[in-house]
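Shown next, in structure tokens, is the structure this report addresses.
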Amino acid sequence: MKLLNKIKKYSSSGSLIKVGRNKLAMVRIRRRYPEESRKPFWIMVEPTTLCNLRCKFCPRNVPSLKFGSMTFKQFKKIIDTFPNATHFRIQGLGEPFLNKDIFKMIRYAKEKKIIVEIYSNATLVQGKLAKKILNSDIDELMFSVDGATKKTYESLRIGANFEKTMKNIEDFTKLKKLSRSKMKVKLAVVLMKENYKELANLVDLAYHLGVDGIGVQLVQYKFDIGISNKKQAEAFEKYQNDLKKRIDVAFNYAKELGLEITVPTFEYNDKICEWAWSGIYITWNGNILPCCSIFDRVMGNIFTDNFDDVWNNENYKKFRRNISGKGESIPKECVGCTFFMKTKTWIP
């Protein structure tokens, strides 16, 4: 069933052949994890750093962060740089729908037969904007919700109103069903000590809001910003047994309700993190970063540099050596990264 769902998803976007080629490429890469690699096929693009919220755990609070938005012309250059890309996730340290060119960007990506995913805080998704989103051919829309109660949600996502945001999501899912849209709509939950006891309630909330599923990840406590700090790491260590039980309860509850769900397992991958070979993160001003959780290691700039030169330059080669265990040591930015943790998924 999972394979069938994937085939339907990829074939509907016209990217099945590209997916096959890229899967084959990764099989070859996994044999030896070389220093050099072919172009990435999984691209995360930050359309803007402008945001209407001030979330306590967001790395957007980095003092050195520059604010601005990507233009459509710049986005087009990125798309054209990666003809074999299958996935574009439009997400970053801002609210994507605050970029005035966002729908041009989505349209152009879809013309290139690329699967488009967008993460939004849902606070602006209402009225005309909701209808435009629904008609935009986005493949997957993730609404970020980190609390099942007004108190928890509003204490984490400063500036948001719980009742209004939940109404936006509920109204959107109703509109989606009426239009018979194939867009996947899910909740995205960042789990931390402030909200982990509400996880089962978040599953229940997702069900009653009418979304298709829920994705759960642990907060990246390595940022040491706001509440994303070492205390989170200590809390996870202290409450790990309770957290595991609550994740299992939520996972089984989602299955009972028929909701797709992805959760962390607290088991760590034996395999290597493959971002350095298959994916990149591009900021609104074109900086090329090796991962969405590394902000201070700029490998180059896609607007001013030749990407082929950047992708296999000495900095990238060294990064790949280190992350594959062939170099000096694991990159310092990767120590404590929760993305090394295995996940498990259930799909109806």
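The values are calculated or read from the model by the stated rules, or taken from the named source; none is laboratory data. Just so we're clear, the structure is a prediction, and the values are computed from it rather than from any experiment. For neighbour counting, all protein chains shown are included, and Cβ atoms are generated from backbone atoms with ideal geometry for every residue, glycine included. Calculation scope for accessible area: heavy atoms of the full protein, side chains included, ligands and nucleic acids excluded. Shrake-Rupley method; radii C 1.70, N 1.55, O 1.52, S 1.80 Å.
Data overview
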{"item": "Accessible area per residue, Å², the range 23-167 with all protein chains present, probe 1.4 Å", "result": "46"}
{"item": "Separation of the PHE339 and ARG54 label points, Cα + 7 Å toward Cβ, nm", "result": "2.8"}
{"item": "For the range 135-147, Karplus couplings with θ = phi - 60° (6.51, -1.76, 1.60), whole Hz, Gly/Pro x", "result": "8, 8, 6, 4, 7, 9, 10, 10, 9, 7, 9, 10, x"}
{"item": "Modelled FRET efficiency - R0 25 Å, ASN84 with ASP309, Cβ distances, 0.05 increments", "result": "0.85"}
{"item": "Dipole in debye (nearest 20) - the range 29-139, about Cα centre, beta carbon charges: Lys, Arg +1; Asp, Glu -1", "result": "80"}
{"item": "Solvent exposure ordering (accessible area, 1.4 Å, most first) of THR86, THR149", "result": "THR149, THR86"}
{"item": "Most to least packed among 247-256, 286-295, 113-122 [average Cβ atoms within 10 Å]", "result": "113-122, 286-295, 247-256"}
{"item": "Entries of LYS39/LYS77; LYS184/LYS342; LYS164/LYS245 with Cα pairs more than 20 Å apart", "result": "LYS184/LYS342; LYS164/LYS245"}
{"item": "Phi to ³J(HN,Hα) by Karplus 6.51 cos²θ - 1.76 cosθ + 1.60 over the range 305-318, Hz, x for Gly, Pro", "result": "10, 6, 4, 4, 5, 5, 4, 10, 7, 5, 4, 5, 4, 5"}
